[in-house]
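Remarks on the structure that follows.
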């Protein structure tokens, strides 16, 4: 005997966000997947936020510059520098990601909206707008917010060699290595090599 499946909390919340009670989604919330078998797109709208707080940054830097001790023309133009930096930012300002908005509204972490209420504690459900006819995803507001913090630290290593082989020709080679440890992004190594020729009158 066929029986209609009970509506889950997430489906009831989705219906409440749609707000009409007679959309295509409401007619069969257990199997509705949109006109193409999935929800093809949605519009993200960036918006301001009058409740933003200023970011607070703490920066520590230290460095040293080394010059060649040699007096010869070939070696006297060698320089090297080492710079260490550590930056912490609190109250980082960024737009709220639509995927995060849906996850927090629909209680993906099991704690943000345990009752599946359209008036969720974090206020994320109010940023979601669904098509009143079909029930498809339509619009998500992405306000700027103080989303958390950021920590980054690393070393900048620079080696430079200036060579003047002739009176009217100046050449400079520089090797710059940067190693930055980004919070939540692992470790990133960047190596840049610069070479140039400068003519002088």
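The values are calculated or read from the model by the stated rules, or taken from the named source; none is laboratory data. Just so you know, these numbers come straight off a predicted model, no measurement behind them. Heads up, the Cβs are rebuilt from the backbone with ideal geometry, glycines too, and the neighbour counts pull from every protein chain shown.
Laid out as a table, the results:
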| quantity | calculated |
| --- | --- |
| Filter result for residue 94 (part of a loop (DSSP other than H, G, I, E, B) and either modelled with pLDDT under 90 or on the phi < 0 side of the Ramachandran plot (or both)) | no |
| Subset of region 1-30 [assigned to a loop (DSSP other than H, G, I, E, B), at pLDDT 80 or above and farther than 23 Å from residue 120 by Cβ] | 22, 28 |
| Test set (1) surrounded by 16 or more Cβ atoms within 10 Å (Cβ to Cβ); (2) on the phi > 0 side of the Ramachandran plot - residue 123 fails condition number | (1) |
| Filtered residue count, region 93-112, keeping only those that are out of contact with any strand residue (DSSP E or B) (no Cβ under 8 Å at 6 or more places or on another chain), without any contact (Cβ under 8 Å) to a residue 60 or more places away in the chain and surrounded by 12 or more Cβ atoms within 10 Å (Cβ to Cβ) | 5 |
| Matching entry among 140, 133 (being touching a residue at least 24 places away in the same chain (Cβ under 8 Å) and in a loop (DSSP other than H, G, I, E, B)) | 133 |
| Residue check for residue 137: surrounded by 12 or more Cβ atoms within 10 Å (Cβ to Cβ), modelled with pLDDT under 50, on the phi < 0 side of the Ramachandran plot and touching a strand residue (DSSP E or B) at 6+ places or on another chain (Cβ under 7 Å) | no |
| Which numbered condition residue 80 misses (of (1) in the same structural domain as residue 142 (by TED's automatic domain parsing); (2) modelled with pLDDT under 90; (3) touching a strand residue (DSSP E or B) at 6+ places or on another chain (Cβ under 7 Å)) | (1) |
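Residue-by-condition table, conditions (1) under 30 Å from residue 18 (Cβ atoms); (2) out of contact with any helix residue (DSSP H, G or I) (no Cβ under 7 Å at 6 or more places or on another chain); (3) not assigned by TED's automatic domain parsing to the domain that holds residue 160:
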position: 67; (1), (2), (3): no, yes, no
position: 70; (1), (2), (3): no, yes, no
position: 87; (1), (2), (3): no, yes, no
position: 108; (1), (2), (3): yes, yes, yes
position: 112; (1), (2), (3): yes, no, yes
position: 115; (1), (2), (3): yes, yes, yes
position: 118; (1), (2), (3): yes, no, yes
position: 130; (1), (2), (3): yes, no, yes
position: 136; (1), (2), (3): yes, yes, yes
